[in-house]
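Reading through the structure tokens given below for one structure.
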Amino acid sequence: MNLFSRDKSPYLSRGVVLLLIVNVAVNLLSVLATGLSSGVEWLSGFSAAGMFALPSDFGELMSQPWTVVTYMFFHSSPLHLVFNLLALVVFGNVLASAVGNLRLIWIYLAGGLAGAVVYTSVFGLMMGRSNVLVGASAAVLAVIVAAAILCPHVRLSFYPGSRTVGLRTAACVFLLIVLIGLAGDNAGGGLAHIGGALAGAACALSMKKSFRPSGRNNSSDEIRRELDALQMRITQSGFSSLSDRERRRFFYLSATLKKS
């Protein structure tokens with residue numbers, strides 16, 4: 001499925017928009033506060049990393065527990081932020097269309113929290129290494145893995161007119177990059193990513209019951225006819241032309257047809 005219509009802009013779910021706004025706002029706030037720290041007395045000595053980053057040291061974490069949430073919205077560089085937000089837009093839209101905006105946000109938060117737990121417990125307590133963790137990568141990986149499990153039939157187009165790639169294939173590429181990162185300089189971040197991916201898988205498996213039929217048992221021919229009608233609308237008017245109910249129905253019918 002091409003997420004982009006030929007004559008319409010990409011559909012952005014409200015859940016994705018909210019997460020984008022929070023990510024951008026936190027990073028703008030950190031830049032603004034850092035810039036003012038030299039001229040405003042009560043901001044002197046302000047450190048964005050010290051305020052928002054997640055420390056691996058358990059004692060430091062206890063003195064600033066809010067970082068288990070703030071770290072998943074704070075990034076080390078503009079490129080780091082843009083990369084994570086692009087992945088969130090592509091995979092988050094698919095997932096929100098399948099399970100709804102609220103569940104998308106919960107999966108994002110669950111991935112971030114699981115990443116924090118793995119990072120502090122393995123990298124900090126077990127390995128005894130001291131560092132800080134920033135970025136939405138663990139949370140975004142939870143979204144990617146959940147989307148791959150719940151919507152394996154979807155094909156992604158990363159820009160208008162580009163070739164499509166299977167969502168599951170794209171998710172495997174991201175996970176491979178994470179595994180490679182475990183052997184590099186960012187071992188702590190790699191561990192957090194694994195935690196986020198596992199959280200996404202757990203959330204997706206618990207939500208699979210949402211894909212069960214709520215009404216009559218349609219025959220394969222009826223399912224194919226209804227799915228073809230929805231696909232025709234997507235081709236002509238774009239994915240955003242479908243209502244929330246129709247989007248969920250599209251994903252359910254696609255999954256049902258693949259199993260039959």
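Can you tell which of Leu198, Leu227, Leu253 is modelled with pLDDT of 70 or more and within 21 Å of Ala110 (Cβ to Cβ)? Testing whether each residue is modelled with pLDDT of 70 or more and within 21 Å of Ala110 (Cβ to Cβ) leaves just Leu198. Take the residues in segment 44-62 that are open to solvent by 20 Å² or more (accessible area, probe 1.4 Å), assigned to a helix (DSSP H, G or I) and of a type outside the set (D, E, K, R); name whichever of them is modelled with the lowest pLDDT. In this case the residue turns out to be Ala49. Output yes when any residue across segment 96-115 is out of contact with any Gly (no Cβ under 7 Å at 6 or more places or on another chain), without any contact (Cβ under 8 Å) to a residue 24 or more places away in the chain and of a type outside the set (A, V, I, L, M), and no when none is. No, segment 96-115 contains no residue that is out of contact with any Gly (no Cβ under 7 Å at 6 or more places or on another chain), without any contact (Cβ under 8 Å) to a residue 24 or more places away in the chain and of a type outside the set (A, V, I, L, M).
Give segment 67-112 a look and list any residue that's at pLDDT below 90, assigned to a helix (DSSP H, G or I), among the small types (Gly, Ala, Ser) and more than 9 Å from the chain's Cα centre (by Cα), or say none. Correct list: Ala96, Ser97, Ala98.
The values are calculated or read from the model by the stated rules, or taken from the named source; none is laboratory data. Just so you know, these numbers come straight off a predicted model, no measurement behind them. Cβ sites come from the backbone with ideal geometry, for glycine too, and all protein chains shown count toward neighbours. Quick note on the areas: whole protein, heavy atoms, side chains included, nothing else; ligands and nucleic acids left out. Shrake-Rupley method; radii C 1.70, N 1.55, O 1.52, S 1.80 Å.
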